[in-house]
Amino acid sequence: MSSPHSSRTLFAVVVFSASFALSACVGTGPVASPPAKGPLVVATWPFGKIATELSMQALRDGRSRLDAVETGIREIERLSSDGSVGLGGGPNAAGYPQLDACIMDGPGHRAGSVAGLEGIVHPISAARAVMEHSKHVMLVGEGARWFALEHGVASVDVQDLAAKKAAWVARQRDPNPDRSGHDTVTVLVLDAEGHVAGGCSTSGAGGKLPGRVGDSPILGAGLYVDDEVGAAGATGIGENVMRYCATFWIVELMRQGRHPQAACEEVLHRIARIDPRGYALDICFIALDKQGRHGAAASSHRFPYAVTSTAASEVLHVEPVTRR
Ligand code: GLY
């Protein structure tokens, strides 16, 4: 016979479970995903489905989780169709694209990152080269371009960029240009052995000041991977992500037992509580844990994200978090 204490415990568990299921259903998107055996790939935005499917194919072909991350992101960089990733992404205020990317592997906690990269077709491959062929984690600007070229990452000519910048300065540049478009492809991979990896790539906010770096290449901001827990990624206005180490925060909440959906939502609420902008942050998160559960949250607009397992591939949507 159960004791009064165990009945109370059971009641608390039932109430907690019910309220969690409710919070995941009401106004915040899909019911929190149940555990799923890997491999599993999650990515930001509808274009992420192209990436997740290629990443899954790479895993099916017996390639590594890092190959899967890189393969998926390279295709979005190649297509560069969304105005926010790759050399076709939104140019900066001086009229040319400067790209950011990073990659991180759970085992060994390894990472590579590039920022302010000019004329390189695949920043994600440059980031991987930094991780695998240097003692550093992050390279920026001209040094990052030189390193990418040294490692055979495809490039285009950048001869005219200095002239573009000079012309912009001569036009009496606006020190606070209007920015637009800031989508990022972020891919999170759980492989069949239960290890996680992730990567992201972006041209950053269109119209940004030359030299501006967003959240995407900053570990713990645009991307964070921890092989004990899982991975999280961000998209949206980088400044509103990087000031809060948002993906590190999400992973730490997952470590404490939160479902990825709940962790993404909680970090959004906490940022909104601190930030003078409240929920007008224009940021979104995705997260994936080692049990194969995933989730997403958005501050201020509907957010589609792609999920591909061995059984299915779909674009899910979350509504903006219900303000509290
Ligand atoms: N999230 C991409 C950026 O703000 O640069």
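The values are calculated or read from the model by the stated rules, or taken from the named source; none is laboratory data. The structure presented is a predicted model; accordingly, all values stated were derived computationally and were not measured. Counting neighbours? That spans all protein chains shown, and the Cβs are built from the backbone with ideal geometry, glycine included. Just so you know, the surface numbers come from the protein's heavy atoms only, side chains and all, with ligands and any DNA or RNA stripped out. Shrake-Rupley method; radii C 1.70, N 1.55, O 1.52, S 1.80 Å.
Count of segment 197-207 residues, restricted to those that are touching a Pro at 6+ places or on another chain (Cβ under 9 Å) and closer than 16 Å to Asp226 by Cα, is 2. Against the list (1) touching a helix residue (DSSP H, G or I) at 6+ places or on another chain (Cβ under 8 Å); (2) modelled with pLDDT under 95; (3) among the polar types (S, T, N, Q), the condition Ser300 fails is (1).
All conditions but one from (1) surrounded by 24 or more Cβ atoms within 10 Å (Cβ to Cβ); (2) among the charged types (D, E, K, R); (3) part of a loop (DSSP other than H, G, I, E, B) apply to Asp100; the one that does not is (3). Figure legend. Inter-residue proximity from segment 205-221: first residues of a type in the set (Ser, Thr, Tyr), second residues part of a loop (DSSP other than H, G, I, E, B) and crowded, with 20+ Cβ neighbours inside 10 Å, beta-carbon distance below 9 Å, spacing 6+ or different chains. Indicated pairs: Ser216/Thr184; Ser216/Gly204; Ser216/Gly222; Ser216/Gly238. So the check is Cβ under 9 Å with 6+ separation or different chains; which pairs have a first residue in segment 142-169 that's part of a helix (DSSP H, G or I) and a second one that's surrounded by 12 or more Cβ atoms within 10 Å (Cβ to Cβ) and of a type in the set (Asp, Glu)? The qualifying pairs are Glu142/Glu118; Ala144/Glu118; Arg145/Glu118; Leu161/Glu118.
For segment 126-140, the criterion of being hydrophobic (A, V, I, L, M, F, W, C), outside any loop (DSSP other than H, G, I, E, B) and open to solvent by 40 Å² or more (accessible area, probe 1.4 Å) is met by at least one residue.
Restricting attention to segment 267-277, the residues that are open to solvent by 20 Å² or more (accessible area, probe 1.4 Å) and in contact with a helix residue (DSSP H, G or I) (Cβ under 9 Å, 6 or more places away or on another chain) total 2. Can you name the residue in segment 192-214 that is farther than 14 Å from Val85 by Cα and within 12 Å of the chain's Cα centre (by Cα) and, of all such residues, is farthest from the ligand (Cβ to nearest atom)? The residue in question is Ala197. Restricted to segment 232-276, the set of helices (runs of 4 or more DSSP H) holding at least 1 residues that are within 15 Å of Thr184 (Cα to Cα) comprises 239-242, 246-255. Every test in (1) part of a loop (DSSP other than H, G, I, E, B); (2) open to solvent by less than 20 Å² (accessible area, probe 1.4 Å); (3) of a type in the set (S, T, N, Q) is passed by Asn176 save one, and that test is (2). Inside segment 222-249, residues that are more than 9 Å from the ligand (Cβ to nearest atom) and not hydroxyl-bearing (Ser, Thr, Tyr) make up a count of 15. Checked against (1) more than 14 Å from Gly222 (Cβ to Cβ); (2) in contact with a Cys (Cβ under 8 Å, 6 or more places away or on another chain), Gly112 passes all but condition (1). Checking each residue in segment 196-221 for being hydrophobic (A, V, I, L, M, F, W, C) and more than 27 Å from Val169 (Cα to Cα) picks out Val196, Ala197, Cys200, Ile218, Leu219, Ala221. Of all the criteria given as (1) within 16 Å of the ligand (Cβ to nearest atom); (2) of a type outside the set (Asp, Glu); (3) at positive phi, the one not satisfied by Val140 is (3). Restricting the first member to segment 60-89 and to residues that are in a loop (DSSP other than H, G, I, E, B), and the second to residues that are among the aromatic types (Phe, Trp, Tyr) and open to solvent by less than 50 Å² (accessible area, probe 1.4 Å), the beta-carbon pairs closer than 7 Å and six or more apart or on different chains are Asp82/Phe47.
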